[in-house]
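Here is the structure we will look at, set down as structure tokens.
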Amino acid sequence: MQADIDFQQLLQALGDGVVVCDAKGDITFWNAAATRIFGFTESEAIGQSLDLIIPERQRQRHWDGYHKTMDTGETRYGSDILRVPALHKEGKPLSIAFTVALLHGPGGEVSAIVALVRDETERWGEERKLRARLTQLETAQA
């Protein structure tokens, strides 16, 4: 027996950000968790380029990979987690982790990319502190 699922409600209820972009890289869906993570409301994000949340120094690399994925229909980030810097609306840096899923049009071409995003800024900061402390302790013992 299959339950009726309200997918719009499901996507809005998720704790991870869900961002969908079209073939050009324009945002077409933005859930409540994406607003919490990045600070931009749905109405501020929809229709905007992903440059909205990509630090300037990362943009060329991002777009090279994005266009390659759109052209080939292949990505390793469907199962491998990608960890990258991102930007909050207030300009503060974020560390995010995400996977992607490719959506296909009727002809089989990639028509959109869905990213499932998690904010790992706090965890990343804690790891940096632990690594620095470990280095400090190792240096003290040497």
**Of the criteria (1) in contact with a Pro (Cβ under 6 Å, 6 or more places away or on another chain); (2) free of Cβ contacts under 8 Å to residues at least 40 places away in the same chain, which one residue 87 fails** = (2)
**Fill in**
Filtering the stretch 49-84 down to residues that are more than 25 Å from residue 35 (Cβ to Cβ), of a type in the set (Gly, Ala, Ser) and in contact (Cβ under 8 Å) with a residue 24 or more places away in the chain yields 73
**Request:** Can you give me the number of residues within the stretch 115-133 that are open to solvent by less than 100 Å² (accessible area, probe 1.4 Å) and either basic (Lys, Arg) or at pLDDT below 75 (or both)?
**Result:** 3
**Complete:** Counting only residues that are surrounded by 14 or more Cβ atoms within 10 Å (Cβ to Cβ) and of a type in the set (Val, Ile, Thr), the stretch 39-91 contains a total of 6
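The values are calculated or read from the model by the stated rules, or taken from the named source; none is laboratory data. All values reported here derive from a predicted model rather than from experimental measurement. Here Cβ is always computed from backbone atoms with ideal geometry, including for glycine, and neighbour counts include all displayed protein chains. Surface areas here come from the heavy atoms of the whole protein model, side chains and all, with no ligands, DNA or RNA. Shrake-Rupley method; radii C 1.70, N 1.55, O 1.52, S 1.80 Å.
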